Amino acid sequence: MAGNASDKQPQGRYYIETWGCQMNVHDSEKLAGSLHAEGYTKAESAEDADVILLNTCSIREKAAEKMFSDLGRIRAIKNRRPELLIGVCGCVAQQEGEAIFRRAPYVDFVMGPRSTGSLPETVRRLRGETVRKRTVDTEYRRDSIEFPFDRIRREGPHSAKAFVTIIEGCNHRCTYCIVPTTRGREVYRPMDQVLAEVRSLAERGTYEIEFLGQTVNAYRDPEGNTLAELLHAASEVEGIRRLRFTTSHPAQMTDAIMDAMAACRPIVCPYLHLPVQSGSTEVLKAMRRGYTRERYLEKIEALRARIPQITFGTDIIVGFPTETEEDFQQTLSLLREVEYDSCYSFAYSPRPGTASLELVDNVPQEEKAERLARLQALQKSIQERRQRRWIGREVEVLVEGPSKTNAERWTGRTPENRVVIFDGETAPGRLERLEIVESTPFSLRGRQVTPVS
Ligand code: 5AD
Ligand code: SF4
């Protein structure tokens, strides 16, 4: 969906490269919107851009390093066209600040995720200067969350689905996590503003909304409205057919939110991403997650009691410092017990400034890799079994676009977040009824029944 056309003079073209989570993807939609409002248009590739923004992720070391290797490639473009403006935004920008100039002196500005409001001014100034004065802006402001929503340039394949930020930052202090440093403490958007955006999207034909936040279920606006009130209110907006929210913190999954999810069925989708990180209470304590294995499982049970068809996704870190084989076995047993439909798993990666650096990391790198492989093999077999249960059932999918592996086919998602691949006449953004005919651990194959819309 395009944002409002700009009434400014054409300024040139921008290109944004994005790494990381949905939050970053959505921040890029805001960065694009700010540049568009300034009179810029989108370039097809970095090669023909006047402004290049790298919206970076620093959650694990690999992601941060990838940014520096990509910068090397962009440097070659700048060698050919010295007037090119390069900005590093996102979490690496916040984390590294000035240090980015030392490793990549051709970068023109560095801007953290909570200070993106100054983007238009920074770009204007730098492009006007004959001798550019490089800047770092890593102040924690409310810029991003207060972004005027009619300027957001949503870049998804269709306008039927949209991300909407409701909370930014994180007040937890999980000992492995860099997010509280890069995104600061929680800030919340007033519910009336969130609803105004939801209504405006619905009027433009959006019928699936995903509320975003690092700890989305910690949402509490200045009037005291929580995610529970928001789910009730948003599910009543005419035209909205699917609501999701991510990512939830298990310790903040309140009865009120669970009740709201059940009461707002089927608009609130029966799928929840609820990262557990580890199945061992000892490790959870060392991670400072604020719940035990038992308490987590109680939440899963409480959700299943209210919403029998609910399915879950999770995140796991293996090889956290102090994790024993016995602890790891507890994680495997938790996977068997919950039976997640999706699981993002990672080997622990030490991050600058986090409390886990003070723990002795007694799990060798090979052991981490080996545990990760064992965990992924188990999860694959669980998913294989769970996916097979869909065969013969009829589902409704929101069509996302051509399949990544075969452009002749379509891909879509069910309310339970299952990916379904199918052939036939349709278009991105449509809802289709499909019968499931085949399954793999990661996707389903469907056959069109009758179109819903
Ligand atoms: N090492 C490995 N994985 C991490 N995650 C966050 N920080 C780290 C780290 N230091 C994982 C967690 C989180 C997901 C987004 O990334 O599982 O839920
Ligand atoms: Fe990181 Fe923990 Fe906050 Fe999630 S809840 S963003 S893992 S500190």
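Within the stretch 33-60, can you find the residues that are in contact with a Pro (Cβ under 7 Å, 6 or more places away or on another chain) and surrounded by 24 or more Cβ atoms within 10 Å (Cβ to Cβ)?
34
Go through 136, 131, 123 for me and flag whichever is farther than 20 Å from residue 22 by Cα, among the hydrophobic types (A, V, I, L, M, F, W, C) and free of Cβ contacts under 8 Å to residues at least 12 places away in the same chain. Before you say what the answer is, go through the steps one by one.
On the way: 136 fails: free of Cβ contacts under 8 Å to residues at least 12 places away in the same chain; 123 fails: free of Cβ contacts under 8 Å to residues at least 12 places away in the same chain.
Every option except 131 fails the conditions.
Among 291, 296, 344, which is part of a loop (DSSP other than H, G, I, E, B) and among the aromatic types (Phe, Trp, Tyr)?
Values: 296 fails: part of a loop (DSSP other than H, G, I, E, B); 344 fails: part of a loop (DSSP other than H, G, I, E, B).
Checking each option against the conditions leaves just 291.
Going by the conditions given, is residue 90 crowded, with 22+ Cβ neighbours inside 10 Å and either touching a residue at least 12 places away in the same chain (Cβ under 8 Å) or more than 14 Å from residue 67 (Cα to Cα) (or both)?
Values: crowded, with 22+ Cβ neighbours inside 10 Å: yes; either touching a residue at least 12 places away in the same chain (Cβ under 8 Å) or more than 14 Å from residue 67 (Cα to Cα) (or both): yes.
The answer is yes for residue 90.
With respect to residue 395, determine if the residue is surrounded by fewer than 21 Cβ atoms within 10 Å (Cβ to Cβ) and within 27 Å of residue 59 (Cβ to Cβ).
Working: surrounded by fewer than 21 Cβ atoms within 10 Å (Cβ to Cβ): yes; within 27 Å of residue 59 (Cβ to Cβ): no.
So residue 395 does not fit the description; no.
For the condition within 16 Å of ligand 2 (Cβ to nearest atom), touching a residue at least 24 places away in the same chain (Cβ under 8 Å) and under 30 Å from residue 396 (Cβ atoms), what is the one hit in 290, 313? Let's see the steps before the verdict.
On the way: 290 fails: under 30 Å from residue 396 (Cβ atoms).
Exactly one residue qualifies, and that residue is 313.
Residues to consider are 131, 136; find the one that is in a strand (DSSP E or B) and over 19 Å from residue 40 (Cα atoms). Lay out the reasoning, then the answer.
Numbers: 131 fails: in a strand (DSSP E or B).
After ruling out the rest, the residue left standing is 136.
What helices (runs of 4 or more DSSP H) lie completely within the stretch 146-250 and have 3 or more residues being more than 15 Å from ligand 2 (Cβ to nearest atom), over 25 Å from residue 313 (Cα atoms) and over 15 Å from the mean Cα position of the chain (by Cα)?
Here the list reads 191-203.
Taking the condition surrounded by fewer than 20 Cβ atoms within 10 Å (Cβ to Cβ), in the same structural domain as residue 207 (by TED's automatic domain parsing) and closer than 27 Å to residue 234 by Cα, does residue 305 pass? Walk me through it before giving the result.
Numbers: surrounded by fewer than 20 Cβ atoms within 10 Å (Cβ to Cβ): yes; in the same structural domain as residue 207 (by TED's automatic domain parsing): no; closer than 27 Å to residue 234 by Cα: yes.
Answer is no for this residue.
Scan the stretch 211-227 and report the pairs whose first residue is of a type in the set (Asp, Glu) and whose second residue is more than 11 Å from ligand 2 (Cβ to nearest atom) and at pLDDT 95 or above, with Cβ atoms within less than 6 Å and a gap of 6+ or a chain change.
221/188; 221/190; 221/191
Have a look at 35, 31, 54 and point out the one that is closer than 24 Å to residue 92 by Cα and not in a helix (DSSP H, G or I).
Working: 35 fails: not in a helix (DSSP H, G or I); 31 fails: not in a helix (DSSP H, G or I).
None of the others qualify; the one that does is 54.
Suppose we filter the stretch 415-444 for residues that are of a type in the set (Phe, Trp, Tyr) and surrounded by 14 or more Cβ atoms within 10 Å (Cβ to Cβ); how many remain? Spell out how you get there, then give the answer.
The initial filter retains those residues of the stretch 415-444 that are of a type in the set (Phe, Trp, Tyr), namely 422, 442.
From what's left, surrounded by 14 or more Cβ atoms within 10 Å (Cβ to Cβ): 422.
Result for the stretch 415-444: 1.
Of the conditions (1) away from ligand 1 (no atom under 16 Å from the Cβ); (2) under 20 Å from residue 293 (Cβ atoms); (3) of a type in the set (Ser, Thr, Tyr), residue 314 fails just one. Which one is it?
Going through (1) away from ligand 1 (no atom under 16 Å from the Cβ); (2) under 20 Å from residue 293 (Cβ atoms); (3) of a type in the set (Ser, Thr, Tyr) one by one, residue 314 breaks only (1).
Of all residues in the stretch 156-174 being over 20 Å from residue 115 (Cβ atoms) and charged (D, E, K, R), which is modelled with the highest pLDDT?
Taking the candidates together, the pick is 173.
Go through (1) touching a helix residue (DSSP H, G or I) at 6+ places or on another chain (Cβ under 6 Å); (2) part of a strand (DSSP E or B) for residue 315 and report which single condition fails.
Of the numbered conditions (1) touching a helix residue (DSSP H, G or I) at 6+ places or on another chain (Cβ under 6 Å); (2) part of a strand (DSSP E or B), the odd one out for residue 315 is (1).
The values are calculated or read from the model by the stated rules, or taken from the named source; none is laboratory data. Small disclaimer: the values here were computed from a predicted structure and weren't measured. Because the Cβ atoms are built from the backbone with ideal geometry, glycine has one as well, and the counts that use them run over all protein chains shown.
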